[in-house]
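Q: Okay, here's the structure, questions in a sec.
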Amino acid sequence: MDWGVQNRIARILQPQDGRTVMLAVDHGYFLGPTHRLENPRATIAPLLPYADAVMLTRGVLRTSVDPDTDTPMVLRVSGGTSVLQEDLSHETITTSVKEALRLNATAVALSIFVGAPHEHESIVNLAHLVNEAEEFGLPVLAVTAVGKELEKRDARYLSLACRIAAEHGARLVKTYYCEGFSKVADSCPVPVIIAGGPKLETDLDALEMTRDAIEAGAVGVDMGRNIWQHDTPVPMIRAVRAIVHEKATVKEAAALLREKGKR
């Protein structure tokens, strides 16, 4: 692996443990002004010191993140549809590698929709992005998206989608946690990061998912709504970090969340 790619990945996956807590704030590219992400700058600023990397679009990066930050930026470069459409798989590459480099992105991210009507286009988009990004040592993170078909989040489907992403050259893969997740992680030859997904019912649900995913082979989380839709988002991201980086138990992380939330 070329030094440039290794260096960029090491900025996302912390060298001391090979793990990461990414903050996902790219939801607006198809959801618009999501609850508690209506003002991206106000949401991102207090969380930035606790994120190993931030996943976002170029528009939010330009308008809502101070340029003096050292936090790595993972730039979403796919899009082209909205939540108003029944089929969310009709995406294409919307931001060039040249633009990503101009914005000093540490990696670029793109969704693939395995089993969806536009599966072919999304996988070819990934291949084209990898071809171009590799010329500059820029890692590609592939997101195994499921659109509105949440029932696809099982080990058989996600193993298929993650392996396809890796086979086409993705250096990192983001997917969902599921029962039997070790099968997904074990069959993917590149690091797997789990998505936080929709806001879960309780804090313990989010913390337990984080713990279970790490124990099953994930290298970290890319969590959004379960952090910034929380009533106390900074204590929440710190609790997640405690599990990912400090090997805290769910009980210890929950205690940390309660303690910080009272301050």
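The values are calculated or read from the model by the stated rules, or taken from the named source; none is laboratory data. All figures in this text were calculated on a predicted structure; none of them were measured in a lab. Positions of Cβ are generated from backbone atoms using ideal geometry, with glycine treated the same way; all protein chains shown enter the neighbour counts. Note: accessible area is taken over every heavy atom of the protein model, side chains too, but ligands, DNA and RNA are not part of it. Shrake-Rupley method; radii C 1.70, N 1.55, O 1.52, S 1.80 Å.
Q: Treating the beta-carbon of each Lys and Arg as +1 and of each Asp and Glu as -1, no other charges, what is the dipole magnitude of the chain about its Cα centre, to the nearest 20 debye? Could you put the intermediate results ahead of the total?
A: On the way: 29 positive and 34 negative charges, 137 e Å.
With only Lys, Arg, Asp and Glu charged at Cβ, the dipole is about 660 debye.
Q: Shifting gears a bit: May I ask you to give the percent of accessible area on the chain that is carbon plus sulfur, with a probe radius of 1.4 Å? Please report the intermediate quantities before stating the final value.
A: Working: 5920 of 11890 Å².
Answer for the chain: carbon and sulfur cover 50 percent of the accessible area.
Q: Output needed: Cys residues of the chain lacking any neighbouring Cys C-beta below 4.7 Å, sorted by number.
A: Cysteines lacking a close Cβ partner in the chain: Cys178.
Q: In terms of solvent-accessible area of protein heavy atoms at a 1.4 angstrom probe, what is the ranking of Lys152, Lys183, Lys251, Lys199, highest value first?
A: Values: Lys152 30, Lys183 110, Lys251 165, Lys199 85 Å².
Largest accessible area first, the list is Lys251, Lys183, Lys199, Lys152.
Q: Rounded to the nearest whole Å², what accessible area per residue is found for the chain with the 1.4 Å probe? Can you show the working numbers first?
A: Numbers: 11890 Å² over 263 residues.
It amounts to 45 Å² per residue over the chain.
Q: Sticking with the crude label model, points 7 Å out along Cα→Cβ, report the distance from Leu160 to Gln85 in nm, one decimal please.
A: 2.2 nm
Q: Quick one: net charge around Ala161, please, counting Lys, Arg +1 and Asp, Glu -1 for every other residue with C-beta under 13 Å from its C-beta.
A: Working: positive: Lys152, Arg153, Arg156, Arg163, Lys174, Lys183; negative: Glu119, Glu149, Asp154, Glu167.
Around Ala161, the surrounding residues sum to +2.
Q: Sticking with this one: What net charge do the residues around Gly217 carry, taking every other residue with its C-beta under 11 Å from that of Gly217, with Lys and Arg at +1 and Asp and Glu at -1? Before the final figure, lay out each step's value.
A: Details: positive: Lys183; negative: Asp186, Asp212, Glu215.
Net of charged neighbours comes to -2.
Q: Around Leu61, with a cut-off of 12 angstrom between Cβ atoms, what is the net charge of the other residues, counting Lys and Arg +1 and Asp and Glu -1?
A: +2
Q: Okay, helix-only estimate at 222 nm for the chain: each DSSP H run of n ≥ 4 adds -39500 (n - 2.57), divide by all residues, round to 500 deg cm²/dmol; what do you get? Could the numbers behind the result be given before it?
A: Values: 12 runs with 110 residues, N = 263.
Helix contribution divided over all residues of the chain: -12000 deg cm²/dmol.
Q: With an 8 Å cut-off on Cα pairs and a minimum separation of 6 or more residues, tell me the relative contact order of the chain in percent. Could you put the intermediate results ahead of the total?
A: Working: 492 pairs, mean separation 45.3, N = 263.
Averaging sequence separation for qualifying contacts and normalising by length gives 17 percent for the chain.
Q: Just flag the GluC sites (Glu not before Pro) in region 197-235 sitting in loop per DSSP whose Cβ has no more than 10 other Cβ atoms within 10 Å. Walk me through the numbers on the way to the answer.
A: Working: sites: Glu201, Glu208, Glu215; in loops: Glu201.
Answer in residue order: Glu201.
Q: What number, in percent, do you get for the relative contact order of region 123-169 if the mean sequence gap of Cα pairs under 8 Å and at least 6 apart is divided by its residue count? It would help to have the intermediate numbers written out before the result.
A: Working: 23 pairs, mean separation 23.0, N = 47.
Here the relative contact order equals 49 percent.
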